[in-house]
Each structure stands twice: as structure tokens, then as C-alpha cells.
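The values are calculated or read from the model by the stated rules, or taken from the named source; none is laboratory data. Since we're looking at a predicted model, the values are computed, not measured. When we count neighbours, we look across all protein chains shown, and the Cβ atoms used for this are built from the backbone with ideal geometry, even at glycine. Only protein heavy atoms, including side chains, enter the accessible area calculation; ligands, DNA and RNA are left aside. Shrake-Rupley method; radii C 1.70, N 1.55, O 1.52, S 1.80 Å.
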Amino acid sequence: MDPLLQDDFATVLARNPGEDEFHQAVAEVLESLGPVVRKHAEYHEHSIIERLCEPERQLIFRVPWVDDQGRVRINRAFRVEFNSALGPYKGGLRFHPSVYLGIVKFLGFEQIFKNALTGLPIGGGKGGSDFDPKGRSEGEVMRFCQSLMTELYRHLGEYTDVPAGDIGVGQREIGYLFGQYKRITNRYESGVLTGKSIAHGGSQVRTEATGYGTVFFTEQMLAESGSTLSGRRVVVSGSGNVAIYAAQKAAELGAQVVACSDSSGYVVDEQGLDIALLRQVKEVDRTRISAYAEQRAGATFVAGGSVWDVPCEVALPCATQNELDGAAARTLADHGAIAVAEGANMPCTPDAVRLFHERGVLFAPGKAANAGGVATSALEMQQNASRDSWSFEHTEDRLREIMHGVHARCAAAADEYGAPGNYVAGANISSFLQVADAMLALGVV
Ligand code: NDP
Ligand code: 2IT
């Protein structure tokens, strides 16, 4: 890291003890910014980095709810409103037992830069809870969502803070959250949440957007090196919202998607994943990935293990942070991988990213590759604000255009700052410049 940035990083470590994922996300951005702060003294003079690393507001609250046995349960929930220089705070809610302040802050920090890269007017935020939806009934999930919104609603608004989904939060949960928001406020304020179902103000393509966008970015990255996805062997990790639609779009573009996973293990299906079956198992039955192999002749389930042991040319990590480490990266490169694009947020460890760069594997960081989800959320906000709804085709065209814009911004910044082909540097620099200039223009606020 450039010596000019080391004091700022030391401040982050001192102010946020024990928040390893947040430290990791900040370090990854600051490592790209040396040439920027050398060129633009004004950022340092106005403490832009220190300000960017300190959230504008952090909320932590208790969520009491009653389980099906009548027992009172208590969870902890968070909303980190990180930066509103470009627009209202925007970012998902995650329900997973691993959620604590450090995870929400890493995700909120990433979100600032990702949202800037979309070119749309949205600031960065993130929230969530340590609630574990696994094994919970529909009624329990609904009561939990209602209780969470009973506190969170006062902090939201279409011009203030607009949550959406993330791990453990999909259309069902957004529906319960919106229902409670509407009841408490007596306002049909569609634009207060995105990822809604089409039945109450959602956008076409939002469900598919993150996975589709990751594949559009990958295609663009491959095209730059004179290659395509068609005919390539692809492995996806996870089997949730992002993974399913990344697999679907990759297959539609002619790739052979041969494996996916969940936290219990992975499946290999050499004929190419049957997306309809995958959706049935995960979206309708809400069960484990092993059920896919039980219902599909020729597919095998491997309990535990690493999906990155399955040889492929293109790897799309779409599960969770730090799921692909240096050893997995080496295995992928040894097996001939040519490209890796992060559908998830920070799934590759710093060692893995370093190895990809050393071995000449094209690498797209999450804040660029998975920006299609939040970009389509912003399109949902546009439709809600104008009381309109667009067709699937029109919305998908807009998403494709936006992802091409994200790719172009990353490539241009990487070239300008002497790191051609380095999408990590390109994404960090391009988005930082945009946010930093807006912050300067807004004064010390
Ligand atoms: P889902 O809840 O739909 O799916 C998550 C998937 O990842 C599941 O297969 C889950 O397996 C697996 N997973 C989650 N946590 C772990 C863990 N600790 N260890 C192993 N596997 C795990 O979430 P999404 O698909 O929405 O999100 C996936 C990733 O994409 C996250 O990093 C999220 O932040 C990111 N993202 C999501 C966007 C969206 O629009 N939804 C937008 C941009 C990024 P299991 O069911 O066994 O837990
Ligand atoms: O990480 C992400 O970008 C998301 N979970 C989507 C956020 C959003 O507001 O759509």
C-alpha cells in the first residue's frame, strides 16, 4: 500500500477492531489508490479517504419475534448507511447466522464503489441480521421480517435509504418487509425497497439481474482478449439467486455449466446443469443441493469438499466471501482456467486474486461483475418513481448496456492509471474518483 495511505488504513484498523472482513475490503481498495492520491493532492488535503471509511450512520437494533412453539427469540439487526454522496443509501439486507457488524460494513463499503460504477445515482449501504432462515417456517420468517421492519421503517425512504435482498433475503422476504412498511406508514411507497415481486411494483429481470450481469461482464472481458463464453466449461459456486441465473445465462450463451454447490457440498453434472430442476430444488422446494443429484440421472453429489476442484475454463464464485482461497486459485489455474468473475461479494481471498494476476487469469472483482443486481434495483426505483413498468426485453437491454458501461469504466481507468487489463485497479479507481469528487463538491458534511 502506498505510504500516503497507510495512516488512513491504520485509523481504520484502530477504529474498527475485530472486523476482519471490513479491513480486507478497505485494504483491497486502498491498495489500488496510490497513483490516484499521488496525482490529486486535494483528496488527502480534505481527508476524503478517512471520511469514506467512516460510515455516515450505523444502526444496531434488537429484533424480538415468536417462534412456532411460542418461544420468544431475539436476533440482532444492522443497517450501515455508509455514503450518500451520489444518492440515497442503496444496498441489500442479508439474513445469515454469520452476520455481524464487520460483515455489514465490508458489504456496505463495497456497495459505495459498486453503485458508483453503475453510473446511476445511488449511494452505498447494507444491512442484515444474524437470523438463520434455514429450517424456519413461512410464518416464522414473516414474523421476523415484520418485527425487523417495525424498527427499520423509520430510517428508510425512497430519498433516504432503499434496501433490497442479499443472502437469505429474496422476493418472499422483501414482500413481508414491504407489507409491514406499508402498514406502519400508511403509504404505498414502492420505491422504498427493491427486489419486490412483479405483483406489487417489482421490476422484470431484477431476480435474474445479478447472475445475468455477471455473465454479461464475463463475456465482455473475454471479448477483449478475443475469446467468447460459447463452448466453455463453466463452474459456478453456490446455488442461490446469483448462482442460478449466472448458470442460466452462461448456458444460454453456449457454455457448459457443469457444477454448482451449497454449504453442504457440490454437484457435478457433465451434461450441463438442468436449470429448471435447479430452480425447483432451490426456489420451490428450498432444500439442499444433494436433492438435485437424487433427481438427475448422471449427476453426482460430493459432500463437503471444494467445488473448485472441478476442472473448468471459467469460474463464477457466487456464494459468499472468502470461499475461494489461494490453494483453490492454484488448482483452477493448473486446470487451465482462463477467467474468473465474482458473482458474490469478495468471494476470492487476496491470495487468490494475486495468484490469478500472476498466472494471467482474467479476473473481474465483484464490485464490477455483480453490479447488475443493484443496477436493476435502480431501474426498479426509476419505474416506481414514474409509475411505469417496462418489458423484460427492454429491462434486459438496459442491464446489458449498464454492464458494458461498467466494463468500459473499469478498462478506461486501468489504462489511464498504468494498469491495463487490471479490473481490480480499474474498478477501484474509477468509482473512487466519482465518489471522491462528489464528496469534495458537497463540502464537509
Ligand atoms: P442466496 O441466499 O440466494 O444464496 C446463497 C448461496 O451461497 C447458497 O447456495 C448458500 O448455500 C451459499 N452460501 C451462503 N453462505 C455460505 C457460507 N458461509 N458457506 C458456504 N456457502 C454459503 O444469496 P444470493 O445468491 O443472493 O447471494 C450470493 C452472493 O452474491 C453473496 O455474496 C451476495 O452478497 C452476492 N450478491 C447478491 C446480489 C443479489 O442481488 N442477490 C447482488 C450482488 C451480490 P446454503 O444455502 O447452504 O447456505
Ligand atoms: O450486493 C448487492 O449488490 C446486493 N445484494 C443488491 C443490492 C440492491 O440494492 O439491489
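Mind checking which of Arg187, Arg136, Arg233 has the largest fluctuation in a GNM of the chain, springs on alpha carbons under 10 Å?
Arg187
Using a Gaussian network model of the chain whose springs link C-alpha atoms within less than 10 Å, name the residue from Gly168, Gly119, Gly298 with the highest mean-square fluctuation.
Answer for the Gaussian network model of the chain: Gly298.
Taking 7 Å along the Cα-to-C-beta vector as the label spot, tell me the His335-Val66 distance in nanometres, rounded to one decimal.
5.0
For the residue pair Ser230 and Asp437, what label-to-label distance in nm results when each label sits 7 Å from Cα along the Cα-to-beta-carbon direction?
Using points 7 Å along Cα→Cβ, the separation is 3.8 nm.
About the Cα centre of the chain, how large is the charge dipole given +1 on each Lys and Arg Cβ and -1 on each Asp and Glu Cβ? Please answer in debye to the nearest 20.
My answer is approximately 1200 debye.
Send over a whole-number figure in Å² for the accessible area per residue of the chain, probe 1.4 Å. Write down the numbers at each step before the final one.
Numbers: 17030 Å² over 445 residues.
About 38 Å² of surface per residue is accessible.
Considering all projection directions equally, how large on average is the shadow of the alpha-carbon convex hull of the stretch 169-256, in square nanometres? Numbers along the way, then the final one.
Numbers: hull surface 26.3 nm².
Taking a quarter of the hull surface, the average projection is 6.6 nm².
Quick one, what does Rg over Rh come out to for the stretch 119-220 if you take C-alpha atoms and the Kirkwood Rh? Numbers along the way, then the final one.
On the way: Rg = 14.4 Å, Rh = 14.7 Å.
Using only Cα positions, Rg/Rh for the stretch 119-220 is 0.98.
When the chain is fully extended, how far beyond the present Cα-Cα distance does Asp415 get from Thr160, taking 0.36 nm per residue of separation?
Stretched out fully, the Asp415 to Thr160 stretch lengthens by 88.3 nm.
Compute the Rg/Rh shape ratio of the chain: radius of gyration over Kirkwood radius, all on alpha-carbon atoms.
Rg divided by Rh gives 0.95.
Evaluate the relative contact order of the stretch 344-426 (contact order divided by residue number), counting alpha-carbon pairs under 8 angstrom at least 6 apart; express in whole percent.
Values: 55 pairs, mean separation 22.5, N = 83.
Once divided by the residue count of the stretch 344-426, the mean separation gives 27 percent.
For the pair Ser264 and Ala408, what calculated FRET efficiency results from E = 1/(1 + (r/R0)^6), where r is the Cβ-Cβ distance and R0 = 30 Å, to the nearest 0.05?
According to the calculation, E is roughly 0.15.
Tell me the accessible surface of Cys318 in square angstrom (1.4 angstrom probe, heavy atoms of protein chains only), to the nearest ten.
Rounded to the nearest 10, the figure is 10 Å².
Pick from Val234, Val104, Val66: which is most flexible by mean-square fluctuation in a GNM of the chain where alpha carbon atoms under 10 Å apart are linked?
Of Val234, Val104, Val66, the Gaussian network model singles out Val66 as fluctuating most.
Compute the separation of the alpha-carbon centres of the stretch 165-203 and the stretch 326-382 and state it in Å as a whole number.
When both Cα centres are located, 29 Å separates them.
Nearest 0.05, what FRET efficiency do Tyr100 and Ile74 give at R0 = 22 Å with Cβ-Cβ as r?
Values: r = 15 Å, r/R0 = 0.68.
Approximately 0.90, to the nearest 0.05.
Just subtract the alpha-carbon distance of Ala41 and Ala10 from 0.36 nm times their residue separation and send over the number in nm, one decimal.
9.2 nm
Given the Cα-Cα distance of Asp20 and Ser137 and 0.36 nm per residue of separation, how much length would full extension add, in nm?
Additional length available on full extension: 38.9 nm.
Past the 14 angstrom mark, what percentage of all C-alpha to C-alpha distances in the stretch 263-339 do you count?
Details: 1900 of 2926 pairs.
The calculated P(r) of the stretch 263-339 puts 65 percent of pairs beyond 14 Å.
At a 1.4 Å probe, what is the % contribution of carbon and sulfur to the accessible area of the chain? Could you put the intermediate results ahead of the total?
On the way: 8310 of 17030 Å².
With neighbouring chains kept in place, the figure for the chain is 49 percent.
Compute the relative contact order of the chain as a whole-number percentage, counting only Cα pairs closer than 8 Å that sit 6 or more residues apart in sequence.
Worked out over the chain, it gives 15 percent.
Can you work out ³J(HN,Hα) from phi for every residue in the stretch 171-182, in order, using Karplus 6.51 cos²θ - 1.76 cosθ + 1.60 and θ = phi - 60°, giving whole Hz and x for Gly and Pro?
Per-residue couplings from phi come out as 4, 4, 5, 4, x, 5, 5, 5, x, 5, 4, 5 Hz.
According to the square roots a ≥ b ≥ c of the eigenvalues of the Cα gyration tensor, what is the shape class of the stretch 331-445, taking rounded for a/c under 1.5, prolate for a/b larger than b/c otherwise, and oblate for the remainder?
Cα axes put the stretch 331-445 in the oblate bin.
How big is the gap, in Å, between the Cα center of the stretch 80-127 and the Cα center of the stretch 397-411?
20
Any idea of Phe61's accessible area? Nearest 10 Å², probe 1.4 Å.
20
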